[in-house]
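A short write-up of the structure that comes next.
Just so you know, all these numbers are worked out from the coordinates, no wet-lab data involved. Not measured: the values here are computed from a predicted model. Neighbour counts run over all protein chains shown; Cβ positions are idealised from the backbone, glycine included.
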Amino acid sequence: MPLRTACRTVLAALALTAACAPSEAPSASPDEAVAHADVHWSQWERAAFDRARDDNRIILINVVAEWCHWCHVMEQETYANPEVAALLAEHFVTIRVDSDARPDVAERYRAWGWPATGILSPTAEPILELRGFRKPAVFADILRSLVADRDAGTLARREPARATTAPAKGELADIRKAAIKQLDHHYEPERGGWGDLQKYPFPAPLEHAMFRTVARDDDWRARIVKTLQGEAHLIDPVWGGMYQYSLRHDWHHPHYEKITKVQAGAIGNFAMATRMTGDAQWLEGAHAVLGYMRTMMRDERGGFFTSQDADVRDGHRIASVGKAYYAKDDAARRALGMPRIDRAVYADNNGFMIAALTELYRATGDAEVLADAKAATEHLLANHRTEAGAFTHGEDDDPQGLLYLRDQVAMGRALIGLYRVTGDRTYRALARELGDFLLAQLQDAKAGGFFAHTEDPAAVGALAQRRKPLEENGMAARFLLELHRYLDGDGTERTPYGEAARAALEAVGGRAGVKERGRIIGEYVLGLEEALMPTADVTIVGTPEDAGAMQLMAAALSYFDPRAVVELSPPGERYPDTGKPAVFLCTTTACSSPIRTADALPAAADRFIKANL
């Protein structure tokens, strides 16, 4: 179905409503219920690890997600199996973790997908990691072999640990070249997108394709369009919203869960594509996704929920699988029940959404979109922000008292995005406080880079070692580089934020660490690009009360060049007050004459940037 037709169908449906791949195939249909055996699941807390050590029990960590289809299948088939349950009860401490609720645990195990199974020794040293669904008989065999090793005193790591990031060798430009080559290797030219068997709507590689097309004359336009057209097939034609990914090498066999981060990425990419190409068809995709978020995924106080399940569940039983359910119309779906919505409001997801909404506002000038972004921000400021200027993951303090890098950088970029589109310096001040928190509490001051979370005094064994994840460090670098440029005027002066961003990119950018992440390096690559790119200040001299200044502001915001730093400045502060609103373009070597009309801005900016960057 063409994008325009598909999205119009979605929007029409919305107007009428009020409102993870397996490692092996399941032994029965998910619709066939089985008797549920009791597995006692502990929380991720010190008491559980102490019990394992004291009783010489093996630790099994089950990392799941509320929306994860194969997690439900494994719960229904494998953990409900009496033999598996008995082995676990006798020999293991079993810990279950919601990956959305614990970003640190999710980062540690995300390479294995969900459900991920981590096996640790009684003293919390890693033994084995398992990806995805396992049949009961196979899983029981694994458990028995682990118990036999423990009893024989031979329980040890069964496979080499995955490569970890190491200090980079060489300049950032060399690291960038190698990282781009790796990312390009994963581009699939026949159908678009990064990856072949499973087609994910990864937002960062697509953003990078737009960056290189405009900033470096690497013309990826055809590949951008092909990828966006493919991703549009993942939009639910009834309720809107984008499914998580597709199977079978194409975009037509979706996995039906809907995750807020995916929605944010889609909105942001469609909005950027609109600005880059001038083709308004991409806005239809953005609005189809946003319509779903507004009608089904928004807290009444302004924040956004986490995810919606792929299936309708009845307790431990999958009552209606996603493929059959999502093929139905609105009324038939609702008659079967509603796939569960995880109504938790997390800082990282909301930061991603707010930033995406600011991008959509840049493309449309729609005041309601900006109002959505502001409302979510106010909710996070009221319910998540700490006295130190950081953000808790959920509305309540983390049980371990941890604060997570992912939350801080997502909200940091959201605040910078709001400052960019409103000129309200309150947002910039909040972003600066957040940047200071990163440097004081999350930065590795000696080696560079940022830890995934604040120190955890209750952590034991190998879990006590804080990690510096590649992608989150890429996000941190991007946030701090934006903050750096908005604080020092033209980006040429040294600030602690710019220096910390570059140090982070160097610290986590070792060849082994980048290679190990495969295609999941888009944010890191964008961080490298932004650390190395020259910039052009696009300064609107005027006030929010001046209609002419706001017309110039709208034109500057909609202009697409990743090197353009758009900022509203009062008359007489950075540029002279000439009596009328104007736009000035400046690099480190030249400044333009004042531009007085919105229509003249895009061509003038193109000429100036081409001549001076």
_Size of charge dipole - the stretch 46-152 - debye, nearest 20, with Cβ of Lys, Arg +1 and Asp, Glu -1, no other charges_ = 120
*For the stretch 537-612, what is the Kirkwood hydrodynamic radius in Å, using each pair of distinct C-alpha atoms?*
12.1
*Counting other beta carbons within 10 Å of each Cβ, put 342, 50 in order, fewest first.*
50, 342
*Round to a whole angstrom and tell me the spacing of the C-alpha centers of the stretch 527-588 and the stretch 341-389.*
24
*Given 122, 138, 156, which one lies farthest toward the positive end of the charge dipole of the stretch 110-164, if we put +1 on the Cβ of every Lys and Arg and -1 on the Cβ of every Asp and Glu?*
138
*Could you size up the charge dipole of the stretch 537-612 around its Cα centre, putting +1 on the beta carbon of Lys and Arg and -1 on that of Asp and Glu, and report it in debye to the nearest 20?*
260
*Positive end of the charge dipole of the chain (Lys, Arg +1 and Asp, Glu -1 on Cβ, about the Cα centre): tell me which of 52, 559, 111 has its Cα farthest that way.*
559
*Least to most buried among 300, 188, 66 (fewest other Cβ within 10 Å first)*: 300, 188, 66
*Using only the alpha carbons of the stretch 46-152, determine the length spanned along each of the three principal axes and report them from longest to shortest in whole angstroms.*
37, 29, 20
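Any idea what the alpha-carbon Rg over 2.2 N^0.38 Å comes to for the chain? Mind dumping the intermediate values first?
Numbers: Rg = 24.8 Å, N = 613, 2.2 N^0.38 = 25.2 Å.
Rounded to two decimals, the normalised Rg is 0.98.
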*Could you tell me which of 445, 64, 592 has its Cα farthest along the dipole of the chain towards the positive end, charges placed at Cβ (Lys, Arg +1; Asp, Glu -1), taken about the Cα centre?*
592
*Using only Cα atoms, locate the centre of the stretch 71-108 and the centre of the stretch 391-453, then give the distance between them in Å, rounded to an integer.*
32
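One-quarter of the Cα convex hull surface for the stretch 243-310, in nm²?
Numbers: hull surface 21.0 nm².
For the stretch 243-310, averaging the hull's shadow over all directions gives 5.2 nm².
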*Under 24 Å from the Cα of residue 226, which lysines turn up, not counting those fewer than eight places away in the same chain?*
181, 199, 258, 261
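Please get the size of the charge dipole for the chain, origin at its Cα centre, with Cβ charges of +1 on Lys and Arg and -1 on Asp and Glu, quoted in debye to the nearest 20. Walk me through the numbers on the way to the answer.
On the way: 71 positive and 86 negative charges, 251 e Å.
So the dipole magnitude of the chain works out to roughly 1200 debye.
Within 12 Å, Cβ to Cβ, of residue 144, how many net charges do the neighbouring residues add up to if Lys/Arg are +1 and Asp/Glu are -1?
On the way: positive: 150; negative: 83, 90, 141, 149, 151.
For residues surrounding residue 144, the net value is -4.
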